[in-house]
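The values are calculated or read from the model by the stated rules, or taken from the named source; none is laboratory data. Values in this document were obtained by computation on a predicted structure and should not be read as measured data. Note that each Cβ is placed from the backbone with ideal geometry, even for glycine, and that neighbours are counted across all protein chains shown.
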Amino acid sequence: MTENNKNKIINLDNLALDIYGDRNFAESYARKIEYNAHNALYERPATLSLIKNPSGKKILDAGCGPGVYSSWLSDNGACVTAIDFSEEMIRLTKEKTGDSARVIQANLNLPMDFLEDEEFDMIVSSMVIHYIKDLRKLFSEFNRVLKTGGELIFSTGHPFTDYSLHPGGNYFETEIINDDWSSYNISMPSFRRPLNELFSTIKETDFRIDELLEPQPSEECRLKFNDIYEILSRQPWFIFFKLIKEK
Ligand SMILES: C[S@@+](CC[C@H](N)C(=O)[O-])C[C@H]1O[C@@H](n2cnc3c(N)ncnc32)[C@H](O)[C@@H]1O
């Protein structure tokens, strides 16, 4: 693994925890993703289109952030467990879901010992896996806690766009990149992985790809954020997978 920013000492097990754990950032993030272009009008419609019939299902929201998915899933009849490593995100998810979800502060880089084998019908992990150091370990844990035939739905940065925005390194290596999140005035670190690394992790952890989306931005996005719409309709920003646990 290589790292673009050589001058900073980075704890790879807690990548971006200093940002997600900051109260001001967490509250600002919670507000913005309710209406912004990239989350509300691009990421969320695509992820929700992959979640069919949540009612009556046991669902893990892995990296729940401020609880938008947890609360939507609970409202739609799912029995939800939500995990995040940020105390602030856990607080916001508890506020948003009330008593309707089990909310646990935990680091997804570590084994989820507090969850039973084959406990869940579905895992939703929206925009989280690029903060995880060892994807094989995480996907093995996801496999363990899912029932056979269960679904793992996740989104992440699109490898094509991530590399074209950070062309200095080597596409074929996993690298830490730092994105300019100008609307928050921060630089957000994450792991950029080549597509074949993602694919081999999926295969080696006994999942099969059922659906893969490179979505177009919505009409609402065009009307409200035309400049972003123009970019998103020509370049895939995120990539979306629905996987099935084979065994
Ligand atoms: C971009 S936000 C997405 C939040 C939520 N899934 C959504 O789409 O609204 C990423 C979330 O992943 C969490 N996260 C990142 N690394 C984590 C880790 N190692 N363990 C647990 N949570 C993590 C962050 O705290 C943050 O809440």
Per the filter on segment 182-228, residues touching a Lys or Arg at 6+ places or on another chain (Cβ under 9 Å), within 27 Å of Tyr20 (Cα to Cα) and not hydrophobic (A, V, I, L, M, F, W, C) are Ser183, Tyr184, Pro189, Thr201
If you take the residues of segment 37-48 that are within 13 Å of Leu232 (Cα to Cα) and either part of a loop (DSSP other than H, G, I, E, B) or polar (S, T, N, Q) (or both), which of them is farthest from the ligand (Cβ to nearest atom)?
-> Ala37
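Please pick out the residue among Asn4, Asn11, Asn53 that is at positive phi and at pLDDT below 95. Steps first, answer last, please.
Numbers: Asn4 fails: at positive phi; Asn11 fails: at positive phi.
Answer to the check: Asn53.
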Pairs under 6 Å by beta carbon, first residue in a loop (DSSP other than H, G, I, E, B) in segment 153-177, partner of a type in the set (Asp, Glu), six or more apart or different chains?
-> Gly169/Glu175
Give me the pairs, please: first residue somewhere in segment 193-209 and in contact (Cβ under 8 Å) with a residue 24 or more places away in the chain, second residue anywhere and of a type in the set (S, T, N, Q) and in a helix (DSSP H, G or I), beta-carbon distance under 6 Å, and either six or more positions apart or on two chains.
-> Thr205/Ser140; Thr205/Asn143; Asp206/Asn143
For the subset of segment 217-231 comprising residues that are in contact with a helix residue (DSSP H, G or I) (Cβ under 6 Å, 6 or more places away or on another chain) and of a type outside the set (D, E, K, R), which member is surrounded by the fewest Cβ atoms within 10 Å (Cβ to Cβ)?
-> Ser218
Would you check which residues across segment 49-71 are within 22 Å of Leu212 (Cβ to Cβ) and either of a type in the set (Ser, Thr, Tyr) or within 11 Å of the ligand (Cβ to nearest atom) (or both) and list them?
-> Ser49, Asp61, Ala62, Gly63, Tyr69
Only one of (1) crowded, with 16+ Cβ neighbours inside 10 Å; (2) out of contact with any strand residue (DSSP E or B) (no Cβ under 9 Å at 6 or more places or on another chain); (3) touching a residue at least 40 places away in the same chain (Cβ under 8 Å) fails for Ser183. Which number is that?
-> (1)
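Residues being assigned to a helix (DSSP H, G or I) and either farther than 18 Å from Gln235 by Cα or of a type outside the set (Lys, Arg) (or both): count how many of those fall in segment 200-223.
Filtering segment 200-223 for residues assigned to a helix (DSSP H, G or I) gives 200-204, 219-223.
Now restrict to residues that are either farther than 18 Å from Gln235 by Cα or of a type outside the set (Lys, Arg) (or both): 200-204, 219-221, 223.
Count: 9.
Each row is one residue, and each column tells you yes or no for (1) surrounded by fewer than 16 Cβ atoms within 10 Å (Cβ to Cβ); (2) at pLDDT 95 or above; (3) within 16 Å of Leu195 (Cβ to Cβ).
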residue: His130; (1), (2), (3): no, yes, yes
residue: Leu135; (1), (2), (3): no, yes, yes
residue: Leu138; (1), (2), (3): no, yes, no
residue: Glu141; (1), (2), (3): no, yes, no
residue: Leu152; (1), (2), (3): no, yes, no
residue: Asp162; (1), (2), (3): no, yes, yes
residue: Phe172; (1), (2), (3): yes, yes, yes
